Amino acid sequence: MIRTKLHPDLTLFVVHLALKKSVRQKQITELKIMIQQTPGRKIITGDFNTFGGFNEVQELMTECQLHSANIQNAPTFPAYKPCKELDYIFVCKNTLIKKFEVLKDRVSDH
């Protein structure tokens, strides 16, 4: 995970979570704690590898008061023929998303 301040009131978290679900759950729990301990607005993005579905991140979103920038749940994986949403951008509830799109890049899903 990378965490960096983009603005005095805005922190960016970039993650690439594990393939194994039990490890991923531990990482999500640690991420949730870090988000809750960080003041101000937040953007959380990256490859969450949620092969178990969106419900793997539901608790994170609820407890940290986040919503997805991908409101249509557009698939992101695999890059050559996307059929699952594994990559996310989450923002604080009070953050306005002006534009969002999943790029048609066949080289990488990241």
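Annotation: amide H-H contacts under 5 Å for residue 70 (H modelled 1.01 Å from N, sequence separation of 5 or more, or interchain): 89.
With a probe of 1.4 Å, find how much accessible area the chain has per residue, and write the answer as a whole number in Å².
Heavy-atom accessible area per residue stands at 65 Å².
Between the range 69-108 and the range 19-45, how far is it from one alpha carbon centroid to the other, in angstrom? Between the Cα centre of the range 69-108 and that of the range 19-45, the gap is 18 Å. What net charge is computed for the residues neighbouring residue 71, neighbours being all others with C-beta under 12 Å from the C-beta of residue 71, Lys and Arg scored +1, Asp and Glu -1? Net of charged neighbours comes to -1.
Angle of helix 21-37 to the longest C-alpha principal axis of the chain, folded into 0 to 90 degrees and rounded to 10: 30°. Which of 85, 56, 30 moves most in a GNM of the chain, Cα contacts under 10 Å? Result: 30 has the largest fluctuation of those listed. Taking amide H as placed 1.01 Å from N in the peptide plane, residue 84 has its amide H under 5 Å from the amide H of 76, 77, each at least 5 places away in sequence or on another chain. For the range 83-99, the Karplus equation 6.51 cos²θ - 1.76 cosθ + 1.60, evaluated at θ = phi - 60°, returns couplings of 9, 9, 9, 10, 9, 10, 10, 10, 9, 4, 4, 8, 9, 8, 9, 8, 7 Hz by residue, with Gly and Pro reported as x.
Solvent-accessible surface of protein heavy atoms, probed at 1.4 angstrom with all chains present, puts 41, 3, 24, 106 in the order 106, 3, 41, 24, largest first.
Relative to the Cα centre, what is the charge dipole magnitude of the chain, using +1 at the beta carbon of each Lys and Arg, -1 at the beta carbon of each Asp and Glu, and rounding to the nearest 20 debye? Please list the in-between numbers first.
Numbers: 16 positive and 11 negative charges, 18 e Å.
In debye, rounded to 20, the chain gives about 80.
Bridgeable lysines around residue 20 (alpha carbons under 20 Å apart, same-chain partners fewer than 8 residues away excluded): 32, 84. Mind checking which of 57, 91, 23 has the largest fluctuation in a GNM of the chain, springs on alpha carbons under 10 Å? Highest fluctuation among the options: 23. Counting 0.36 nm for each residue step from residue 38 to residue 72 and taking away their Cα separation leaves a gain of 9.4 nm.
Quick one: pull the percent of accessible area on the chain belonging to carbon and sulfur, 1.4 Å probe, ligands and nucleic acids left out. Reported share for carbon and sulfur atoms: 56 percent.
The values are calculated or read from the model by the stated rules, or taken from the named source; none is laboratory data. Since this is a predicted model, take the numbers as computed values, not measurements. Here the Cβ is made from the backbone with ideal geometry for all residues, glycine too, and neighbour counts use every protein chain on show. Only protein heavy atoms, including side chains, enter the accessible area calculation; ligands, DNA and RNA are left aside. Shrake-Rupley method; radii C 1.70, N 1.55, O 1.52, S 1.80 Å.
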